[in-house]
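One structure below.
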Amino acid sequence: MAIAENALYATGRRKHAIARVWMHPGSGQITINRRTIDNYFGRATSKMVLRQPLELTETISLFDISVNVNGGGLSGQASAIQHGITRALMKHNPSFRPPLKAAGFVTRDSRIKERKKYGQRGARARFQFSKR
């Protein structure tokens with residue numbers, strides 16, 4: 001993966017997914033783990049989620065995007081890529097921050113799975129209680 005010198009780099013995270021995003025001037029091609037976006041994501045909603053910041057800032061055809069993502073599931077990976085693209089766009093042009101912030105793309109969604117507790121069946125579920 002040859003990255004141009006004028007490339008922008010940012011990291012996006014969601015749940016257990018971590019996306020490393022490189023943006024460089026180009027024609028709007030998106031590559032995820034060396035595969036095309038259509039080959040990597042089967043669901044249209046995942047493709048839509050990661051394109052939202054580009055559509056909002058009207059930069060969808062200005063950058064080629066290379067992404068290396070791992071961890072989590074496909075939905076979490078799509079959101080992590082969206083977060084990484086948002087952060088790279090803000091590095092490119094700081095005036096993009098207010099509209100991206102208003103759309104809710106800047107804030108990292110910190111919700112993660114709650115751990116299972118000992119003496120219980122799950123994070124909050126308890127074993128069935130019987131008086132006798």
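The values are calculated or read from the model by the stated rules, or taken from the named source; none is laboratory data. Note that this is a predicted model, so its numbers are computed, not measured. Cβ coordinates were reconstructed from backbone atoms using ideal geometry, including for glycine residues, and neighbour counts include every protein chain displayed.
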| query | Condition test on residue 87, is it within 11 Å of the chain's Cα centre (by Cα), under 28 Å from residue 5 (Cα atoms), among the basic types (Lys, Arg) and part of a helix (DSSP H, G or I)? | reply | yes
| field | Conditions (1) touching a helix residue (DSSP H, G or I) at 6+ places or on another chain (Cβ under 7 Å); (2) free of Cβ contacts under 8 Å to residues at least 12 places away in the same chain; number of the one not met by residue 48 | value | (1)
| remark: Over segment 10-34, the set of residues in a strand (DSSP E or B), surrounded by fewer than 19 Cβ atoms within 10 Å (Cβ to Cβ), more than 11 Å from the chain's Cα centre (by Cα) and at pLDDT 95 or above is 31
| task | Kindly establish whether residue 43 is surrounded by fewer than 17 Cβ atoms within 10 Å (Cβ to Cβ), basic (Lys, Arg), in contact with a Phe, Trp or Tyr (Cβ under 8 Å, 6 or more places away or on another chain) and in contact (Cβ under 8 Å) with a residue 12 or more places away in the chain. | result | no
| task | Test residue 117 against the stated conditions and say whether it is of a type in the set (Lys, Arg), surrounded by 12 or more Cβ atoms within 10 Å (Cβ to Cβ) and part of a helix (DSSP H, G or I). | result | no
| message | Among the residues that make up segment 37-44, is at least one of them among the charged types (D, E, K, R) and not in a helix (DSSP H, G or I)? | response | yes
| Which listed residue is more than 20 Å from residue 27 (Cβ to Cβ) and touching a Leu at 6+ places or on another chain (Cβ under 7 Å), from 102, 88, 78 | 78
| request: Look at residue 54 and say whether it is assigned to a helix (DSSP H, G or I), closer than 21 Å to residue 14 by Cα and touching a Pro at 6+ places or on another chain (Cβ under 7 Å). | output: no
| query | Right, residue 112: β-branched (Val, Ile, Thr) and within 24 Å of residue 37 (Cβ to Cβ) or not? | reply | no
| query | When you look at residue 112, is it in a loop (DSSP other than H, G, I, E, B) and either small (Gly, Ala, Ser) or within 30 Å of residue 125 (Cβ to Cβ) (or both), yes or no? | reply | yes
| For residue 101, are the conditions met, namely being touching an Asp or Glu at 6+ places or on another chain (Cβ under 8 Å), of a type in the set (Lys, Arg) and surrounded by 13 or more Cβ atoms within 10 Å (Cβ to Cβ)? | no
| task | Just one of (1) part of a helix (DSSP H, G or I); (2) closer than 12 Å to residue 13 by Cα trips up residue 49, so point out which. | result | (2)
